1. Taking residue 197 as the residue in question, decide whether it is out of contact with any strand residue (DSSP E or B) (no Cβ under 7 Å at 6 or more places or on another chain), outside the structural domain of residue 328 (by TED's automatic domain parsing), surrounded by fewer than 24 Cβ atoms within 10 Å (Cβ to Cβ) and farther than 29 Å from residue 258 by Cα.
2. Looking at the range 1-14, which of its residues are surrounded by fewer than 24 Cβ atoms within 10 Å (Cβ to Cβ) and either at pLDDT 85 or above or part of a strand (DSSP E or B) (or both)?
3. Mind telling me which of the residues 121, 88, 128, 133 ends up being more than 18 Å from the chain's Cα centre (by Cα) and over 22 Å from residue 37 (Cα atoms)?
4. Answer yes or no as to whether residue 216 is within 29 Å of residue 147 (Cα to Cα) and out of contact with any strand residue (DSSP E or B) (no Cβ under 8 Å at 6 or more places or on another chain).
5. Please go through the range 162-171 and pick out each residue that is surrounded by 24 or more Cβ atoms within 10 Å (Cβ to Cβ) and touching a helix residue (DSSP H, G or I) at 6+ places or on another chain (Cβ under 6 Å).
6. Kindly provide the set of residues from the range 229-242 that are in a loop (DSSP other than H, G, I, E, B) and farther than 16 Å from residue 212 by Cβ, ordered by number.
7. What pairs come out if I take residues in the range 27-44 that are over 21 Å from residue 107 (Cα atoms) and pair them with residues that are exposed (fewer than 11 other Cβ atoms within 10 Å of the Cβ) whose C-beta lies under 9 Å away, six or more apart or interchain?
8. I need a count of the residues in the range 24-47 that are touching a helix residue (DSSP H, G or I) at 6+ places or on another chain (Cβ under 6 Å) and not in a strand (DSSP E or B).
């Protein structure tokens, strides 16, 4: 009864709890928070110093006793307490402008399709401990498909490829369920690691993670570009230990990330190969939709299309597709209840 009463003063919230970024959707308002999933912690005192954008600025720039860390690794919680604090921070931030002193919102959270029961419970527990009165879990490719307004409830095959920071989720969806799925621990972060390794091996240059990410965004591509791009790598020389800079072009970065990109494309092909023939006919007509930050890599849609022989498109505003999907679910929970992942707290009833 108390929880229901507090719910009147709380806002329903949709959360895309990503490895790289966390997005928050508020029912009736839209997306209100888009911040990095980074938390700065003082190791001496255990105190949390900063969360989100402010914490990301500290990455690689803090004294030894202050650590800017990501509490999620490859789409799952690696530090439960820090994740809980991060969620509590975002929930409080949403309710700061109202007179709700103890918010108890209903929360819908996107989770990777390949997570275990233990990992699923960790997300649920973290959200409840952070102040949620009810927690609804939905698999990220399903949320993304709903977010880009695919006909997920119909007997029509749709393919979504969600390339995030830590994971790539590929799903064939029909009649409100996932028919075939593939989950890879290869995504944006792995491409950054590829660039860091390439710089060390080719140029004896030590790069920071942020520098590698900036280079990927600036000149990264999956196919050969009509107009070559160049960028300057700045880091520390392995031999001398002094600052060093090297000019690289898009072909260098493409060579560095080639194997990881091909692994993603092969997983898409494998998912299509396992799809029932009737749905393949639908997919040939409707095509493959790419979402997530990784889908913005230049030419990735062209590479997927040429390798699978299926039309491929990048969704409009691909980075917010999952959180928009959680928002749509909250707006019409009764109609979309069957797409939710059932939890140990609440058995999600099947549609009548």
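The values are calculated or read from the model by the stated rules, or taken from the named source; none is laboratory data. Computed from a predicted model, the values in this text were never measured in an experiment. Cβ atoms come from the backbone with ideal geometry, glycine included; neighbour counts cover every protein chain shown.
1. Considered against the rule, which asks whether it is out of contact with any strand residue (DSSP E or B) (no Cβ under 7 Å at 6 or more places or on another chain), outside the structural domain of residue 328 (by TED's automatic domain parsing), surrounded by fewer than 24 Cβ atoms within 10 Å (Cβ to Cβ) and farther than 29 Å from residue 258 by Cα, residue 197 comes out as no.
2. 12, the sole residue that qualifies.
3. Result: 133 is the single residue among 121, 88, 128, 133 that is more than 18 Å from the chain's Cα centre (by Cα) and over 22 Å from residue 37 (Cα atoms).
4. Criteria met by residue 216.
5. 162, 163, 165, 168, 169, 170, 171
6. The answer is 239, 240, 241, 242.
7. Listed pairs, sorted by first residue: 41/47; 42/65; 43/64; 43/65; 44/65.
8. Of the residues in that region, 2 qualify.
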